[in-house]
Amino acid sequence: MNGFTDIMRWALGSALLAGALLAGAVLAAGDGWSYRHLDEHEEHERHEHRHARQTPVNPVYAEECGTCHIAYPARLLPPQSWAAIMNNLDDHFGENAELIDRPTWLVVSTYLKNRAAPPPRYMLGFGNDEDPPLRITSLAWFRHEHNGIPTALVTGNQEVKSLGNCGACHENAANGVFDEHMVSVPGYGHWDD
Amino acid sequence: MRLALILIAVLVSSPSLAADPVNTLLNEYRSVAGANTTFDARAGRAFWYADHDGRACAGCHGTTPRDTGEHARTGKTIAPMAPSVNPERLTNERTIRKWFLRNCKWTLGRECTAVEKGNLLTWLEQQ
């Protein structure tokens, strides 16, 4: 009896392990299929846990990094990206965004690192440690979510200017809420794809 | 460790207990520039409008400190600098330090001198 149970355990364990390895291989491949698949899953998850995801923004981060643009939610970039950004604040996309002292820098860095995008999202071909993506707008999932929006509504819209200006259309962006059913483009009104 | 860092940051970022952050900073700039230094509001005004290879304070802040400016890249509005229009301005020592650091380096390519900052603060305070 014990021997049979052991065999069943072994078989079940092997099946689970094989499944996990297969899933890992598919994810790691990062091809279009797995990307879309995950994207749909995440889209669903976003709707389900919209409110749960509204974790409070660190006040130091909000104060130091939320003046010229919204305090972009840490989860939108992997930790390697945040590290690269934090190490180049004197040339922050052409602006100077230096922090006033080391303790402030540490608080912001630690917060971003702890809340950064979890590994699965990062693994899907969003760059590597040596060359991490620096712009949220350059990420595949971001481009996917925003394709089909006429440029006249974004770069050609003085009240929007760029896709990086989240708050122009996502009213509650500063709180990390990007519900696609609550999008309103300045001068054009409600937008729903 | 993390909590300690946050506490330090919160303490550091609290508005200075000094009654007048501008006076505190002017005294500091004077101690750097020399005890006999007198800050000149007119020089501060000239500094506001001075062009540095196409960049100037007035370029982003709006023409005068009473105007609302706009961030050149992101389009985000910059509230007026003049305390008479925007009473929140020049009330937080740390905020003044932060923006002098960032904006001087962007506009001039270097930190502003104690005299430049003293002159500009003296003029801005009167606006």
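Positive end of the dipole of the stretch A:131-193 (Cβ unit charges, origin at the Cα centre): among A:162, A:140, A:176, the Cα lying farthest that way belongs to A:162. With N as its number of residues, the stretch B:57-127 has a Cα radius of gyration that, divided by 2.2 N^0.38 Å, comes to 1.06.
In this simple spin-label model, placing a label point 7 Å from the Cα along the Cα-to-Cβ direction at both residue A:192 and residue A:134 gives a separation of 3.9 nm. Sorted largest first by accessible area at a 1.4 angstrom probe radius, with every protein chain in place, the residues A:141, B:106 fall in the order B:106, A:141. The label-point distance for residue B:77 and residue A:88, in a model that sets each label 7 Å from Cα toward Cβ, rounds to 3.3 nm.
Express in % the proportion of alpha carbon pairs of chain B at distances exceeding 27 Å. Roughly 21 percent, once rounded to a whole number. Remark on the stretch B:30-91: Rg and Dmax equal 13.9, 42 Å (Cα only).
Residue order by solvent-accessible surface for A:181, A:69 is A:181, A:69, largest first, with ligands and nucleic acids left out and a 1.4 Å probe.
The values are calculated or read from the model by the stated rules, or taken from the named source; none is laboratory data. This one's a predicted model, so the numbers in the text were calculated from it and none came from an experiment. Heads up, the Cβs are rebuilt from the backbone with ideal geometry, glycines too, and the neighbour counts pull from every protein chain shown. Areas reflect the complete protein model, heavy atoms only, side chains present, ligands, DNA and RNA absent. Shrake-Rupley method; radii C 1.70, N 1.55, O 1.52, S 1.80 Å.
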